[in-house]
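J.: Have a look at the structure that comes next, please.
None of the figures in this text is laboratory data; all of them are computed from the coordinates on show. The model shown is predicted, which means the values in this text are computed figures rather than measured ones. Cβ placement follows ideal geometry from the backbone for every residue including glycine, while neighbour counts extend to all protein chains displayed.
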Amino acid sequence: MEIRPREIVILADDFDLLVAWYRDVLGFEVVRFFNDTFQFANLETSTGIRIGIGSAAEAGVVPGDRQHNTVVLQIEVDDVGGLLDHLEQNGATITGGPSFDKQLKFWFGSFSDPEGNPVWVVDTDCP
């Protein structure tokens with residue numbers, strides 16, 4: 001059996017808000033959008049990160065404390081501090097960093113999107 005990458009799916013309380021935030025703030029492109037029989041959007045960055053956003057209510061899910069998620073999206077950028085500054089000005093909650101790991105010599109941080117979903121961010125020097 002061959003397994004291929006698809007996307008991480010985020011179930012949203014406010015579908016339209018979260019799609020717009022990932023598009024407008026993080027620069028994802030909406031490549032498919034369904035809003036008639038169900039709410040779902042496929043989003044992708046120019047670097048190939050793919051996520052899906054769906055309606056939590058339609059999936060029968062009542063999101064709890066998202067800071068206790070056991071699956072976390074991790075992204076890589078050139079400038080962790082610059083990204084965290086940009087995100088803080090655009091509705092994200094900064095939950096860590098920017099911090100520098102002196103032993104491994106890389107920058108890292110973390111934030112939550114407007115619905116509280118955690119995201120880790122590292123720079124290109126992260127092992």
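J.: Please list, in order along region 84-93, the HN-Hα scalar couplings obtained from phi with the Karplus expression 6.51 cos²θ - 1.76 cosθ + 1.60 (θ = phi - 60°), rounded to whole Hz, x for Gly and Pro.
T.: Along region 84-93, the couplings run 4, 4, 4, 5, 4, 6, 10, x, 8, 9 Hz.
J.: From the phi of every residue in region 11-27, what ³J(HN,Hα) in whole Hz does the Karplus formula 6.51 cos²θ - 1.76 cosθ + 1.60 yield, where θ is phi - 60° and glycine or proline is x?
T.: Going residue by residue, I get 8, 10, 6, 10, 3, 4, 4, 6, 4, 4, 5, 5, 6, 7, 9, 9, x Hz, with x marking Gly and Pro.
J.: Taking θ as phi - 60°, what are the ³J(HN,Hα) couplings along region 28-45 by the Karplus curve (6.51, -1.76, 1.60), each to the nearest whole Hz, with x for Gly and Pro?
T.: Coupling constants for region 28-45: 5, 9, 7, 9, 8, 9, 10, 8, 10, 8, 7, 9, 7, 9, 9, 10, 8, 8 Hz.
J.: Here is a follow-up. Only bridges whose two residues both fall in the chain count here: according to DSSP, what percent of them are antiparallel, nearest 5?
T.: 70
J.: Also, quick follow-up: Where the centre of each part is set by its Cα atoms, how far does region 1-25 sit from region 70-115, in angstrom?
T.: The two parts, judged by their Cα centres, are 18 Å apart.
J.: Now for a different question. For region 1-58, just say rounded, prolate or oblate: build the C-alpha gyration tensor, square-root its eigenvalues into a ≥ b ≥ c, call rounded for a/c under 1.5, and beyond that prolate if a/b exceeds b/c, oblate if not.
T.: Because a/c hits 1.5 or more and a/b fails to exceed b/c, region 1-58 counts as oblate.
J.: Still on this model: Run lengths n ≥ 4 of DSSP H only: what is the helix-derived mean residue ellipticity at 222 nm for the chain, with -39500 (n - 2.57) per run over all residues, to the nearest 500?
T.: So the helix-based figure for the chain works out to -4500 deg cm²/dmol.
J.: Also, I was wondering about something else. From Cα pairs below 8 angstrom and at least 6 apart in sequence, can you work out the relative contact order of region 9-66, rounded to a whole percent? Mind dumping the intermediate values first?
T.: Numbers: 85 pairs, mean separation 22.4, N = 58.
Computed over region 9-66, the figure is 39 percent.
J.: How big is the dipole moment of the chain about its Cα centre under a simple scheme where the beta carbon of each Lys and Arg is +1, that of each Asp and Glu is -1, and everything else is neutral? Debye, nearest 20, please.
T.: Rounded to the nearest 20 debye, it is 340 debye.
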